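Trainee: First the structure, which I've put down as structure tokens, then a few questions once you've had a look.
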Amino acid sequence: MKVGFLQMEPDFGRVRRNVERAFSLMGDCEADLMVLPELFNTGYQFASRDEVKALAEEVPEGFTTEAFIYEARKRKTYFVFGIAEKVRDRFFNSAVLVGPEGFIGVYRKIHLFSMERLWFAPGEDGFPVFDIGMARVGLMICVDWLFPEAARVLALEGADIICHPSNLVLPHCPDAMVTRCLENRVFAVTANRIGREERIPGKALNFIGKSQIVSPRGKILYRAPEDREEVRVLDISPEEARDKLITPENDIFLDRRKEFYERLV
Ligand code: ACM
């Protein structure tokens, strides 16, 4: 199975341009599953709720999701991409999964980071896993990496590949995702953005790039640089994620001693 990411620098507020650029950067790359960054079509640093209102889209009826469904059919590719989702009078920081069969599902970010709390409602529907035939894919967004429960729940729900649209500003995530993969025996595709935004004076954000694909044994199969747009596609075997044995005697899931930690969470 060919899985990949697009690392790009969105231009804040220019949704059509960002969507068109994403497709042009992906060119005719052949992939079964592509992951794009969090909020890739709007940019990240909103300065008011009115901006969110102007740029958020309905799912699946909005421009961006419809454009991806069209491309998914044409390219026979599954896509995961981050957008600001409008649901009646509320907004979510969401990751959408579409494929050749159309809209498949959405994840609404559960752990909101910093000023996201001012604009977005926290997701209330849990961490979803979808079976796309070739693999089972789980969705989480950016700072969810800091909550090991997110990747754990996705893995326990059967995810082979965690798709992880991101806008990372802290330096730790790329290395932390190695542990998330190792402790759950799953693949992870983190698609981050690059560049800088300072739409709120004094609150500059520098995005760290380093999008990556990590194996269930914690191997960084590829990590992008921090300052360059890039498309990367690798061949993986999703079934590797179904082997949870760490030694012939140890199964990473069966060996859990839930009675010692479940009451604390
Ligand atoms: C983040 O969650 N965008 C850091």
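Trainee: Over 25 Å between Cα atoms, which of K53/K203; K109/K203; K2/K86 qualify?
Mentor: Those over the limit are K2/K86.
Trainee: Same structure, new question: Could you please state how large a percent of the accessible area of segment 139-265 is carbon and sulfur, counting protein chains only and using a 1.4 Å probe?
Mentor: 53
Trainee: For segment 2-52, build the charge dipole from Cβ charges (+1 Lys, Arg; -1 Asp, Glu) around the Cα centre, then report which of A47, L33, F23 sits farthest towards its positive end.
Mentor: With unit charges placed on the Cβ atoms, the residue in question is A47.
Trainee: Hey, can you rank 37-47, 123-133 by average C-beta count inside 10 Å, highest first?
Mentor: Per-residue Cβ counts within 10 Å, averaged per peptide and sorted highest first, yield 37-47, 123-133.
Trainee: Using the alpha-carbon centroid of each, what span in Å lies between segment 84-146 and segment 1-22?
Mentor: 17
Trainee: Let me ask something else. When averaged across all projection directions, what area in nm² does the alpha-carbon convex hull of the chain cover?
Mentor: If I average the Cα hull's projected area over directions, I get 13.8 nm².
Trainee: Any idea of H172's accessible area? Nearest 10 Å², probe 1.4 Å.
Mentor: Counting only protein heavy atoms, the figure is 110 Å².
Trainee: In addition: Would you kindly work out the equivalent ellipsoid of segment 1-58 from its C-alpha gyration tensor and give its semi-axes, the square roots of five times the eigenvalues, largest first in whole Å?
Mentor: Here the semi-axes work out to 25, 11, 9 Å.
Trainee: Please list Y261, Y107, Y222 in order of solvent-accessible area, largest first, computed with a 1.4 Å probe with all protein chains present.
Mentor: So, going from the largest accessible area down, we get Y261, Y222, Y107.
Trainee: Hey, another quick one. How much accessible area per residue does segment 69-158 have, in Å², with a 1.4 Å probe?
Mentor: In whole numbers, segment 69-158 has 42 Å² accessible per residue.
Trainee: Which aspartates and glutamates have a Cα less than 12 Å from the Cα of K210, not counting those fewer than 8 places away in the same chain?
Mentor: D175, E226, D227, E229, E230
Trainee: Sticking with this structure for a sec: Tell me, what is the 1.4 Å probe accessible area of E101, in Å² to the nearest 10?
Mentor: The accessible area of E101 comes to roughly 110 Å².
The values are calculated or read from the model by the stated rules, or taken from the named source; none is laboratory data. All figures in this text were calculated on a predicted structure; none of them were measured in a lab. Ideal geometry is used to build each Cβ from the backbone, glycine not excepted, and the neighbour counts take in all protein chains shown. Ligands, DNA and RNA are excluded from the accessible area calculation, which covers all protein heavy atoms including side chains. Shrake-Rupley method; radii C 1.70, N 1.55, O 1.52, S 1.80 Å.
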